[in-house]
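The values are calculated or read from the model by the stated rules, or taken from the named source; none is laboratory data. Computed from a predicted model, the values in this text were never measured in an experiment. Reconstructed Cβ throughout: ideal geometry from the backbone, glycine too, with neighbour counts over all protein chains shown. Protein only, heavy atoms only, side chains kept; ligands, DNA and RNA dropped before computing areas. Shrake-Rupley method; radii C 1.70, N 1.55, O 1.52, S 1.80 Å.
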Amino acid sequence: MEQARSTISKIFNGEPHTYTRFNLTQNMEGDTSQVEMKLSSDVDEEVGENGVGDNRHHHNSNGRPYMVQKLQRTPRNLCYMACGVLLIFIIGFLIGYMTNKKKELAPVCASSISVVNDDIPRETGAAPLMDWDDVKKLLTEKFSAAKLEKVLSEFSHSNHRAGSSQDESLANRVLQRFKDYGMKAWTDEHFIKVHDPPAAGYNTFVFKNASEERPRGFLSYSAVGSVQGAVLYAHYGEDNDFQALSDRNVNMNGRVMLIRAGKISFAEKVANAARMNASAVLIYTDPSDYNIKGDIEIYGHVHMGSGDPYTPGFPSFNHTQFPPAESSGLPKILAQTITLDMAKKILDQLSGSKRPDKWEGFSKLGDETDVITVNVNNVLTEKRIHNVFGVIKGFVDPDRYVVIGAQRDAWGPGYAASTVGTSVLVELARSISDMVKNEGFKPRRSIVFASWSAGEYGSIGLNGFKVAASPLMHTLIENTLKEVKNRDGILYKQFAKDNFETNIVEPMRMDSAAYPFLAFSGIPSMSFRFSPDNSNYKYFGTMQDTADNLNAATSSQVPQLAETAGRFAGHIALRLVHDHLLQMDVMKYYKVVRSYVTKINGRVKEVLQMRPQLLPKSLTVQWLISATGSYSRAAQSLQNDIQNSDLEDIEMCRLINDRIMAVERNFLSHYVSPRQSPFRHILLGSGPHTLKALTKHLDALKTNNPEANAELFLNEFALATWTIQGCANSLAGDIWSLDNEI
C-alpha cells in the first residue's frame, strides 16, 4: 500500500511513475487542554460531581507530543465476497500528508471551470457538483445483477494462487478493463517471500505409532522441523481457553496443541499456544463450526502481522538488499492444518482429564501418554505478484482519495474468496467511470480501485449482515443501510431491526482484510459480510470454494447478492467523495475510550486494595481521565466548527476534514516499533500498548500471575495516556485553539 500511495501521489502531482521507498513520518504537536467530562460511577470519584477532573487548573510543563506514522507495507487483500455473498470491503480514506507542501491547501476561489490534460472539465471552486439523490439513482441504474453475471463468468478460474501464471493473467485482464473505462491505470510488480508446501515429500504426523498421516493443506510461515510431544486439546486456542487449562494446573510445556478452527485467526491461535510454551499446533475444522466433509483440507497462514514478514516495516521492494530481518510475528513453533477425519482419529483416543464443561467437542483433554510426532517441511519461495490500480481523479481535492479493492488470488478456485469480489470491483469501476464520463457526476475526491494479490498469505492483498469498522464510520454505515434497497426493501429494516450496534456491528478480527489498514496504518476502514440463511459459507480456505458450492449456498442468487453488496460498498465510497465534509463521527471514539477508562479505573482500585505492594500508592487514573476529557472537548469543538462552517470555503473544508482524518492515525502509538508491534492502534490493535492489554495486565496483577509486570504496566499506562492526550491535541486544530490548563 505504501508503494501504491507513492505512485498515486505522483499521478496527482504529474510526476512520472518510479519505484521509490516511501517513508511517511508526520509530526503532530500541541499543548494539553482543559477537561470537561462525565464518566460512569466507577470514575465519578476521580472526576468529581460535575465531571471535571481534579487537575483542571494544573499546567503541564512537559514538551508537546508528536505523532509518528509509518504506513503499512503492501496490504494486498482489500475485499472479498463470501457466504453468498461475503464481501470484505475496505475504505481507506487517505487524507493528504502525501503531497508536497505547496499542494496542502486548495485555492479559495469563486466557482470556475478549468481544463486539464485529460480534457475533462474540473471545478476549482466549491460549487455544488451533483445532488446526492441523483448520485444514488445513477449508481442504481448502472450497477445491476444482470451486468454482474457476465463479469463473474469472465473472472472465474480453477486456480489462481498468488504468483501463478493464472493470477498474472487475471491481473492483466483487470488492468485492461480499467484502461477500457478511461481510467489512469497501472500495475505494480513485487517480489515477495512466502511458504509453499514441500516440493518433494510431505508434511506428516504420527500419533501413537499409528500409520503416518500426510495432510495436503498447510500453514504458510510456520516454523519448519520435527517435534515430538503429548497432545493437548485446547478448544479454540483463545486466551480464555488456555487460562482454563492453567486454572486446572494442566502442564502445557512442550505439548502439541490440537485446536479447532474458528473465532480467532490461525496466527492468533499459534501465538497463544507459543506463549504457553507449546511445541506445535494442529488445527482442524470441527463439525459444529464447519459443515464440510471429513476429508476437506484447509489452508492459511500464521504470520502474526501483515505484509512480507521478511521485510518487516517496509513494502516488498523488488530485490532490495535489506539486512537479514524477520518479523517478530513469525512463529517459532510448528503449525499444521489437518482434516476432520485425521483429527477424529486423535480425539477418539485421547485420555487424561475431562474437558471444561463450557467447552464443546470431545470429552478428554489428553495426557502425557498421547504422544505425537509432527514434521513440517514447508519451503520458503520467492514469488512475483502484480497489484493493479485504476484512478478516477477528483475534481476539487484530487490528492484526497478513497481506496476500494478486492483480493484476486486464492488457494484454489476461490470463487467466494476472490472471484466475486474482483467482479464487483471491476463492475463498480465501470459504473462509476460511466457516471463521470457520461452523466455529469464530478467526485470531489479521487477514487482508487485496487486489485491485490497474495491476500491468502495475509494481506501481503434472506441474508444475515454484519459489519466490522472503525467507530468513525459507524454513523455513515448506519445511514447507508437506511438508504440502500434490495428486492426485499431497505437494508436497515431487514438487518438492523432498530438496533444497529447490537444486530449489525461486530468486532474486527485480525484476519479481516480491513484490519491492517486500520490497526497498522491508522486509516478508517471497514469490512462487511452477507451470509445466506444466517449461516456461514464453509469453504473458505479450501479447494471446494467453487461456483457450484457458492450457488448451492445462496440458492443460485450470487449475482443478486453481489448487486446488493456492490451497491452498499459503492454508496459509501460515493458518499465519501461527494460531500464537502466527511461523514465521520469523532464522538464515537469517545465512547470507546470512556468504556476502557472506566474498566481501568475500577481495576486499579481493586489492585491497590488487594495487592497494594504491587503498585505505587500514589498511582492515579486522573491523568487518563483528564486525557479522555480533552478528547471529548476537542470532538465537541470540532462538531461546533462543522455546524458553523461555510461549505463554499474550500480551505475550511479541507482543514476540517484533515482534523477528522487525523483521529485514526493519532490513535497509533508512536512509542512502539511497527516492526515489533505492527498493529499499533491503542484501541483496536494488538500488543501490550493497547487499552485492552492494560485491563488484562491489571487482572494479572490482581491474581498475582507470575507473567504480570508492574513496571511494564506503569510504563504502558503512561504512554497510552499521552497517546490519547496527543490525539485530543491534534483534533483540537490550530495551536491557538488549545486549552493549556491540563
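At a glance:
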{"quantity": "Accessible surface ranking that places the most exposed of Tyr202, Tyr537, Tyr596 first, with a 1.4 angstrom probe", "calculated": "Tyr202, Tyr596, Tyr537"}
{"quantity": "Rounded accessible area of Asp247 (nearest 10 Å², 1.4 Å probe)", "calculated": "110"}
{"quantity": "For region 198-377, the spread of Cα positions along each principal axis, largest first, Å", "calculated": "53, 37, 31"}
{"quantity": "Gap separating the Cα centres of region 606-646 and region 130-145, nearest whole Å", "calculated": "44"}
{"quantity": "Solvent accessible area, Å² - Glu648, 1.4 Å probe, full protein context", "calculated": "90"}
{"quantity": "Mean-position separation - Cα centroids, region 655-734 and region 378-455, in angstrom", "calculated": "32"}
{"quantity": "Flagged links, alpha-carbon separation over 20 Å, of Lys142/Lys437; Lys466/Lys696; Lys147/Lys538; Lys269/Lys599; Lys147/Lys482", "calculated": "Lys466/Lys696; Lys147/Lys538; Lys269/Lys599; Lys147/Lys482"}
{"quantity": "Cα Rg, Dmax (largest Cα-Cα span) when computed across region 644-728, Å", "calculated": "17.2, 60"}
{"quantity": "Test item: Cα-centred dipole of region 587-732, Lys/Arg +1 and Asp/Glu -1 on Cβ, debye", "calculated": "720"}
{"quantity": "Interchain or long-range residues, amide H under 5 Å from Gly300's placed H", "calculated": "Phe218, Ser220"}
{"quantity": "Rg in Å to one decimal, and Dmax rounded to a whole Å, for region 186-305 via C-alpha atoms", "calculated": "15.7, 58"}
{"quantity": "Calculated over region 587-732: convex hull of Cα atoms, volume per residue (Å³)", "calculated": "99"}
{"quantity": "Order of exposure, largest accessible area first, which applies to Leu647, Leu428 with probe 1.4 Å", "calculated": "Leu647, Leu428"}
{"quantity": "Ordering of 575-586, 172-183, 611-622, 207-218 by packing [mean C-beta count within 10 Å, highest first]", "calculated": "575-586, 172-183, 207-218, 611-622"}
{"quantity": "Cα lying deepest toward the dipole's positive end in region 329-447, options Thr373, Thr422, Gly352, charges on Cβ", "calculated": "Thr422"}
{"quantity": "Relative contact order (percent, whole number), region 198-377, Cα cutoff 8 Å, 6+ residue spacing", "calculated": "35"}
{"quantity": "Computed accessible area, Ser686, all protein chains, 1.4 angstrom probe, square angstrom", "calculated": "40"}
